[in-house]
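The values are calculated or read from the model by the stated rules, or taken from the named source; none is laboratory data. Owing to the predicted nature of the structure, the values given are computational and were not obtained by experimental measurement. Virtual Cβ from ideal backbone geometry, glycine too; neighbours counted across all protein chains shown. Heavy atoms of the whole protein, side chains included, go into the accessibility calculation; ligands, DNA and RNA do not. Shrake-Rupley method; radii C 1.70, N 1.55, O 1.52, S 1.80 Å.
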Amino acid sequence: MATAPTTPLGDPLRASEARARSAVLEEQILKDPGRFRVLTGDRPTGRLHLGHYFGTLQNRVRLQDVGVELFVIIADYQVLTDRDVADGLTGHVEELVLDHLAIGVDPERSTIFTHSAVPSLNQLLLPFLSLVSVAELNRNPTVKDEIARSRQSSVSGLMFTYPVHQAADILFCKANVVPVGQDQLPHLEITRTVARRFNDRYGDGTAVFPEPEALLSRAPLLLGTDGTKMSKSRGNAVPLAADADETARLIKGAKTDSERHVSYDPVGRPEVSSLLLLAALCQDRTPEEIAADIGSAGAAALKRTVTESVNTCLAPIRARRALYAQDRGALHRILREGNERARETADATLAEVRAAMQSHY
Ligand code: TRP
């Protein structure tokens, strides 16, 4: 008998619970990395920046390097959720691949791919859509927020359903860990629900899909040069691809305050504190230590320290980026190989899904 979906969506794991769970998960990963497959990724909508680097990108390389299998998705269809045409898409995709190679994602060990190039991944969307109700889709707080901020005059079906597409992104390779920011928790909850309902309905006692868990980033939020959240679309970010001069110029223009003595006080002095945090993340020290070094030398000295720290920290990343950027042919080959590997994985999963659904003819 067909059962109506019963698990409520729209009440995703509260962030504090997710953080506690992430800490446990982190320990398990370090103990037995071979048991974990990680999938995470981004929409190709612009240059990645230092907020991304310290928030998630660095963590991806770390997971790869402790021996976890890593899939990096470039969510090119998802770009169309809030815009009609994906102008400059190829360039954005190339930049994302470059960013990942530059930070140390190893294309021999890890798979970088675009979901539009993997038909069998996209086919999972159809059965998955049957497992969630319209009411559940309606309740997704991240989608609601995106609709509110969208520049489009009407809401497309893709905007409404993309969290289910994202479930296909994650489940096609049976990833069990998804490193994400807090805004993605509702989507991960939908993914878990889809996995659970699929297993209940078609699994015949065995789990076809794991219920993946969120791994929340431990890195605190970096502010942009204008003192609001660092973001691709706000023009306040220091791009990972910036050269040393651009970096110096951007940091020089960053907002500070009029107090000469530099101190770490994220609530009272958010702009100065975020600059201290950035230097601290680059130097692997605490922001308090950096503040003590600078003392009463003022904002100009702080900015010099931040610029030097960022440029030193990014130097090897920039060098690797320059190497890969010289050879677009090799870049495209890496992406094609990633897409091929993702296709093989998705084909195998789709075959299992079709067998479970008795549609294997
Ligand atoms: N929604 C994510 C974002 O906007 C991108 C994304 C697509 C993703 N599919 C994913 C992230 C799967 C993690 C897992 O950044």
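Annotations for the structure displayed:
- Candidates Thr206, Thr247, Thr193, Thr161, filtered to the one that is among the β-branched types (Val, Ile, Thr), farther than 22 Å from Asp76 by Cα and open to solvent by 20 Å² or more (accessible area, probe 1.4 Å): Thr206
- Conditions (1) within 20 Å of the chain's Cα centre (by Cα); (2) part of a loop (DSSP other than H, G, I, E, B): number failed by Leu188: (2)
- Residue, nearest to the ligand (Cβ to nearest atom), within segment 24-63, restricted to residues that are within 20 Å of Asp284 (Cα to Cα) and either free of Cβ contacts under 8 Å to residues at least 12 places away in the same chain or of a type in the set (S, T, N, Q) (or both): Thr56
- Note on segment 138-175: residues that are within 15 Å of the ligand (Cβ to nearest atom) and not in a loop (DSSP other than H, G, I, E, B) total 22.
- From the options His360, His261, residue that is closer than 30 Å to Gln123 by Cβ and either loosely packed, with under 13 Cβ neighbours inside 10 Å or not assigned by TED's automatic domain parsing to the domain that holds Asp200 (or both): His360
- Verdict on Phe128 being among the aromatic types (Phe, Trp, Tyr), at pLDDT 95 or above, over 30 Å from Ala242 (Cβ atoms) and more than 12 Å from the ligand (Cβ to nearest atom): yes
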